[in-house]
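The values are calculated or read from the model by the stated rules, or taken from the named source; none is laboratory data. Given the structure is predicted, the values throughout are model-derived calculations rather than measurements. Glycine gets a Cβ as well: all are built from the backbone with ideal geometry, and neighbour counts include every protein chain shown. Calculation scope for accessible area: heavy atoms of the full protein, side chains included, ligands and nucleic acids excluded. Shrake-Rupley method; radii C 1.70, N 1.55, O 1.52, S 1.80 Å.
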Amino acid sequence: MTAFLTLDDIDVSGARVLVRSDLNVPLEDGAVGDDFRIRSSLPTITRLRNDGAIVIVASHLGRPEGRDPQFSLAPVAEHMVELAGYPVTQLPGVYGPEVDNALAGAEPGDVFLLENTRFEPGEKKNDPELAAALAGLADYFVLDAFGSAHRAHASTVGVADHITSVAGPLLAAEVAALGALLEDPPRPYVVVLGGAKVSDKLGVMKSLLPKVDAMLVGGGMCFTLLAAQGYKIGESLLEEDMMDEVGELLASERGSRISLPTDIVVADRFAEDATATVVPATDMPAEGLGLDIGPDSAEQFARAIAEAGSVFWNGPMGVFEWESFRAGTETVATAFAASPALTVAGGGDSVAALRSFGLEGEISHVSTGGGAGLEFLEGDSLPGLVALERWANDA
Ligand code: ADP
Ligand code: MG
């Protein structure tokens with residue numbers, strides 16, 4: 001089991017604390033869209049502030065090529081102030097004289113937000129100089145960005161080479177919830193996978209299949225699986241170059257653990273107001289494309305979820321953004337929320353779907369980490385966690 005120091009192991013009062021949060025939220029017209037990651041990150045920042053730390057928050061946002069004002073964290077700082085009700089000072093850079101000047105007069109309880117870490121070319125390269133500069137801002141490092149812990153960047157891993165580094169409460173909660181599924185999931189262990197692409201999820205399918213009792217597959221990705229089984233899928237999403245691998249997985253000894261939809265909601269075109277028809281998965285029309293699992297499949301998936309001991313869900317069952325293709329995701333989400341099982345959800349769109357149904361509060365753990373969560377469940381060691389473990393072993 002992962003061992004690391006936590007906030008309980010350090011005295012932050014009067015100290016400068018660098019917190020790496022995951023504030024990588026979608027922006028809409030220059031303002032914060034879905035603020036789930038900000039809301040999830042704030043309790044750690046507030047706790048440090050209340051404990052009398054000088055709090056310096058770092059995060060990346062999007063994929064800027066160098067310094068690009070479109071990817072400034074300024075809207076995030078504004079949104080943090082609205083949610084938190086205390087001042088958050090947006091700094092003009094990640095390090096350097098301007099940042100030093102702003103921090104020089106800081107008092108315990110002050111909260112600062114550095115500019116997008118990816119404005120620095122050294123961030124993704126885990127450049128030692130950038131890591132040292134970041135570490136030079138603070139006495140302690142708190143890694144709370146579970147969603148970035150699978151990346152060995154300067155602000156997630158490099159900085160931990162220099163100053164005492166601990167796990168933040170959000171990261172610790174993520175590791176506890178996902179760790180329970182990884183180590184000893186209450187049985188039956190059911191994994192529900194959906195979303196757009198098989199290529200995103202084939203790795204997790206392969207490594208989870210030996211560990212689960214059932215794997216329920218919907219979403220755009222199920223059509224490549226159906227095609228690999230020889231069904232005609234019309235104009236539905238198909239990743240042809242994945243068909244061989246997927247076919248092997250289905251035909252393997254444990255392939256019978258995979259459940260595919262038996263009925264499909266087919267649209268006559270890819271549009272919100274398309275005509276929707278339910279057809280058997282064995283009899284999809286040549287023209288038209290599958291945009292949701294059908295009602296029988298949704299009920300069958302819902303039953304498996306209701307009877308499970310633990311359920312991990314990643315990826316919507318259909319194009320839930322459009323009303324005519326929402327039902328499969330809603331039925332599965334409702335069963336997931338109502339199930340007495342240990343329930344863990346991950347993935348930006350899956351979490352957005354849960355929230356749109358008002359079910360977010362009914363889940364055992366809603367993970368902020370999409371890719372990081374999947375890698376963790378696959379049993380990969382995440383570089384961010386490895387960097388923290390060193391401090392626990394040295395202590
Ligand atoms: P998550 O963010 O939860 O990991 P993904 O990003 O993998 O999920 O996939 C979500 C997207 O998949 C949604 O935008 C949804 O509209 C799309 N999607 C789901 N089913 C289909 C389908 N049958 N055809 C096309 N797109 C789909
Ligand atoms: Mg997504």
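Structure notes:
- Residue that is surrounded by the fewest Cβ atoms within 10 Å (Cβ to Cβ) [pool: residues in segment 128-141 that are within 21 Å of Asp8 (Cα to Cα) and touching a helix residue (DSSP H, G or I) at 6+ places or on another chain (Cβ under 7 Å)]: Ala135
Quick grid of which residues meet (1) out of contact with any Leu (no Cβ under 8 Å at 6 or more places or on another chain); (2) buried (at least 18 other Cβ atoms within 10 Å of the Cβ); (3) not in a helix (DSSP H, G or I):
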residue: Val76; (1), (2), (3): no, yes, no
residue: Glu82; (1), (2), (3): yes, no, no
residue: Pro92; (1), (2), (3): yes, no, yes
residue: Val99; (1), (2), (3): no, yes, no
residue: Gly122; (1), (2), (3): no, yes, yes
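- Complete set of residues in segment 101-120 that are of a type in the set (A, V, I, L, M, F, W, C), part of a helix (DSSP H, G or I) and under 24 Å from the mean Cα position of the chain (by Cα): Phe119
- Considering the conditions (1) assigned to a loop (DSSP other than H, G, I, E, B); (2) surrounded by 24 or more Cβ atoms within 10 Å (Cβ to Cβ), Phe270 is excluded by exactly one of them, (2).
- Failed item in (1) within 16 Å of ligand 2 (Cβ to nearest atom); (2) not assigned by TED's automatic domain parsing to the domain that holds Ala335, with Leu182 passing the rest: (1)
- Selected residue (only one of Ala172, Ala180 is surrounded by fewer than 24 Cβ atoms within 10 Å (Cβ to Cβ) and within 15 Å of the chain's Cα centre (by Cα)): Ala172
- Residue count for segment 342-395 satisfying the condition of being open to solvent by 10 Å² or more (accessible area, probe 1.4 Å) and small (Gly, Ala, Ser): 13.
- Unmet criterion (only one of (1) farther than 23 Å from Lys206 by Cα; (2) modelled with pLDDT of 95 or more; (3) in contact with a helix residue (DSSP H, G or I) (Cβ under 8 Å, 6 or more places away or on another chain)) for Ser324: (3)
- Remark: pairs (first residue in segment 199-212, among the basic types (Lys, Arg); second residue within 13 Å of ligand 1 (Cβ to nearest atom) and modelled with pLDDT of 90 or more; Cβ separation under 7 Å; 6+ apart in sequence or on different chains) = Lys201/Leu193; Lys201/Gly195; Lys201/Met221; Lys201/Gly315.
- Restricting segment 187-221 to residues that are away from ligand 1 (no atom under 14 Å from the Cβ) and part of a helix (DSSP H, G or I) leaves a set whose member that is farthest from Asp296 (Cα to Cα) is Ser207.
- Qualifying residue in segment 300-315 (condition: in contact with a strand residue (DSSP E or B) (Cβ under 6 Å, 6 or more places away or on another chain), open to solvent by 70 Å² or more (accessible area, probe 1.4 Å) and of a type in the set (A, V, I, L, M, F, W, C)): no
- Candidate set: segment 40-74, residues that are in a helix (DSSP H, G or I) and among the hydrophobic types (A, V, I, L, M, F, W, C); chosen: the one most open to solvent (accessible area, probe 1.4 Å): Phe71
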